[in-house]
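Below is one structure, written out as structure tokens, with a few remarks after it.
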Amino acid sequence: MAKAARRRAVVALVAVLAVAATVAVVVRVLAPAEVETVAREPYPAAPAPTAGVIGRLPVAPLVVDGRLRVYAGARQVYADQPVTGRHRVTPFWSYRRWPATLTGVLAQDTTVVSRWSDGKLVALDARTGRVAWRADGPEPGSVPQPRRTYAGTVWDPAGLHVARAAGRSVLVSAGPGGVGGYDLADGRRLWRADLPRDCRADVGTTASGDVVGVDSCEGPPVVELRDAATGTVRTRWRPPDAPDQLVVTPVGCPHGHSGCRGLRTAGPGGAGGKGWLVTDPGEPSAAPGLDAMDTVLDGERVVDTSGPVVVGRSARTGAELWRRADIHPARVLATEPGRVHLLTDRRELVTVDPLTGATRSSFVLDVGRDGIGWRPGRAYAVDGYVAVERLRESATPEDDDQGYFLMAEPVLLAAT
């Protein structure tokens, strides 16, 4: 009898241990977690590449500090180096979170900020991959499912911007129902504003240190300019003769929709477009040179590809400053301070100085035997580097990724 009792006790103990082990596994697998894999090699030096195509990549790179390429995944942000590598290689550092998904990445100097589906903001030191700070921000709401290159996540992160205001760099995180400002240096929240959910649109930040939004909650839509350092609304402005459905597009932005020097207001489809400069506090000032949709802004100079030739104009007056008939037909692929990158129909990348129209570099965007039978998708430029998605010539937004992109490594990276 005693032996049978001992046997039952042993069986019960084994069962309890088995349940405990199963619970431990479930907790380990399902509990929220983060994995920080820091750099094991020294921070690389910044190279000085010659102009030309560097290589091709399967995902879109964010060039950070002229030294690293940072990429996005579903639940990961990671970096490789050198920035001039022909292909993506083993990560220099990596950061993962679970179960939240990555919705946006922004870089300023050596700080890389990631935004997640639960609203968490995590800043990484690009030199090491270590977490610099964490903060709670507004949840981003519904974000479009990214394509496999994650170009939108790193080149145009929704609701994630940076501004220079009151002597500091301010991170701005916006979502349905709220927007907040954070000191980029340490993640300290500077302010938060709770806003109506369905009648506001986030636009970006300006060179004068404002957060731009469009408010249509109490009548016709107005442009709202909010101090990035304090969250105080400084200006509410409606363009003269503005349509009832007002579309506001930031232009002249060095990074994504951050630090923009101009705005273009229009109706649906670009009807009645008007250009404005937002380089000083207060109401935007008229910039007729920016009225046309096919214009881009650098400082107070506009490059216009809407006509039969490429023209440089004054933003404030629209007066012609220079023209280039030898690189038309061309479209603007990307811009950055001091450089406008034009793509011709022969897939030649021509980089011009927006001040003078002079060519800084020129070469065909081709590598190996890939050819030029493609059309451009999203594109990005910083520090003289240009990256562009290559799409199939017949691609439509409804196509899956295999039918949409030219090949498995659709992103070209070039130095200009």
Subject >> Where a residue in the stretch 235-246 is of a type in the set (A, V, I, L, M, F, W, C) and open to solvent by 20 Å² or more (accessible area, probe 1.4 Å) and its partner, wherever it lies, is in a loop (DSSP other than H, G, I, E, B) and modelled with pLDDT of 95 or more, with Cβ under 6 Å and at least six apart >> reply: L246/P221
**OP:** For the stretch 75-83, indicate whether the set of residues that are touching a strand residue (DSSP E or B) at 6+ places or on another chain (Cβ under 9 Å) and within 21 Å of E336 (Cα to Cα) is non-empty.
**Re:** yes
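Regarding W133, is this residue over 30 Å from G52 (Cα atoms), aromatic (F, W, Y), buried (at least 17 other Cβ atoms within 10 Å of the Cβ) and under 16 Å from the mean Cα position of the chain (by Cα)? I'd like the intermediate steps shown before the answer.
Values: over 30 Å from G52 (Cα atoms): yes; aromatic (F, W, Y): yes; buried (at least 17 other Cβ atoms within 10 Å of the Cβ): yes; under 16 Å from the mean Cα position of the chain (by Cα): no.
For W133, the condition - over 30 Å from G52 (Cα atoms), aromatic (F, W, Y), buried (at least 17 other Cβ atoms within 10 Å of the Cβ) and under 16 Å from the mean Cα position of the chain (by Cα) - is not met.
Among the residues of the stretch 334-351 satisfying the criterion of being open to solvent by less than 60 Å² (accessible area, probe 1.4 Å) and of a type in the set (K, R), which is nearest to the chain's Cα centre (by Cα)?
The initial filter retains those residues of the stretch 334-351 that are open to solvent by less than 60 Å² (accessible area, probe 1.4 Å), namely 334-336, 338-344, 347-351.
When the remaining residues are screened for being of a type in the set (K, R), the result is 339, 347.
Numbers: R339: 18, R347: 24 Å.
Taking the candidates together, the pick is R339.
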Original post:
Do we find that R378 is part of a strand (DSSP E or B), closer than 27 Å to V70 by Cα, touching a Phe, Trp or Tyr at 6+ places or on another chain (Cβ under 7 Å) and open to solvent by 10 Å² or more (accessible area, probe 1.4 Å) in this structure?
Top reply: yes
Subject >> Residue that is farthest from H257 (Cα to Cα), among those in the stretch 205-231 that are in contact (Cβ under 8 Å) with a residue 24 or more places away in the chain and open to solvent by 40 Å² or more (accessible area, probe 1.4 Å) >> reply: P220
Original post:
Can you name the number of the only condition in (1) closer than 22 Å to T279 by Cβ; (2) surrounded by fewer than 19 Cβ atoms within 10 Å (Cβ to Cβ) that P354 fails?
Top reply: (2)
Original post:
List, please: which pairs have Cβ atoms under 7 Å, are six or more places apart or on different chains, and start with a residue in the stretch 327-338 that is free of Cβ contacts under 8 Å to residues at least 60 places away in the same chain and end with one that is hydroxyl-bearing (S, T, Y)?
Top reply: I327/T344; P329/T344; A330/T305; A330/T344; R331/T305; V332/T305; A334/Y380
Original post:
Just one of T149, T128 is of a type in the set (S, T, Y), crowded, with 19+ Cβ neighbours inside 10 Å and not in a strand (DSSP E or B); which is it?
Top reply: T149
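For (1) of a type outside the set (A, V, I, L, M); (2) modelled with pLDDT under 95; (3) under 23 Å from the mean Cα position of the chain (by Cα); (4) closer than 27 Å to G175 by Cβ, each residue gets a yes or a no:
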site: D210; (1), (2), (3), (4): yes, no, yes, yes
site: P221; (1), (2), (3), (4): yes, no, no, yes
site: L225; (1), (2), (3), (4): no, no, yes, yes
site: A228; (1), (2), (3), (4): no, no, yes, yes
site: W237; (1), (2), (3), (4): yes, no, no, yes
site: D280; (1), (2), (3), (4): yes, yes, no, no
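What residue, of R360, R390, R369, is in a strand (DSSP E or B) and more than 30 Å from V278 (Cα to Cα)?
Working: R360 fails: more than 30 Å from V278 (Cα to Cα); R369 fails: in a strand (DSSP E or B).
After ruling out the rest, the residue left standing is R390.
In the stretch 165-194, which residues are open to solvent by less than 40 Å² (accessible area, probe 1.4 Å) and out of contact with any strand residue (DSSP E or B) (no Cβ under 7 Å at 6 or more places or on another chain)?
Within the stretch 165-194, the subset open to solvent by less than 40 Å² (accessible area, probe 1.4 Å) is 165, 169-175, 177-184, 187, 191, 193.
Residue satisfying the conditions is G175 alone.
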Subject >> Matching residues, the stretch 381-416, being in contact with a Pro (Cβ under 7 Å, 6 or more places away or on another chain), open to solvent by 10 Å² or more (accessible area, probe 1.4 Å) and hydrophobic (A, V, I, L, M, F, W, C) >> reply: A408
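Taking the condition of being modelled with pLDDT of 95 or more and not hydrophobic (A, V, I, L, M, F, W, C), how many residues in the stretch 141-155 meet it?
To start, the set of residues in the stretch 141-155 that are modelled with pLDDT of 95 or more comprises 146-155.
From what's left, not hydrophobic (A, V, I, L, M, F, W, C): 146-150, 152-153.
Count: 7.
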**OP:** For the stretch 45-94, name all the residues that are touching a Phe, Trp or Tyr at 6+ places or on another chain (Cβ under 6 Å), surrounded by fewer than 20 Cβ atoms within 10 Å (Cβ to Cβ) and assigned to a strand (DSSP E or B).
**Re:** G52
Subject >> strands (runs of 3 or more DSSP E) completely within the stretch 266-333 that count 1 or more residues being surrounded by fewer than 19 Cβ atoms within 10 Å (Cβ to Cβ) >> reply: 274-277, 310-314, 320-324
**OP:** Sort out which residues of the stretch 103-125 are farther than 18 Å from V172 by Cβ, in contact (Cβ under 8 Å) with a residue 24 or more places away in the chain and assigned to a strand (DSSP E or B), and write them in order of number.
**Re:** L124
Original post:
Which number in (1) part of a strand (DSSP E or B); (2) under 23 Å from G270 (Cβ atoms); (3) polar (S, T, N, Q); (4) more than 20 Å from the chain's Cα centre (by Cα) marks the one condition that T249 misses?
Top reply: (4)
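The values are calculated or read from the model by the stated rules, or taken from the named source; none is laboratory data. Please read these numbers as outputs of a predicted model, since none were measured by experiment. Note that each Cβ is placed from the backbone with ideal geometry, even for glycine, and that neighbours are counted across all protein chains shown. All accessible areas refer to the heavy atoms of the entire protein, side chains included, with ligands and DNA or RNA removed. Shrake-Rupley method; radii C 1.70, N 1.55, O 1.52, S 1.80 Å.
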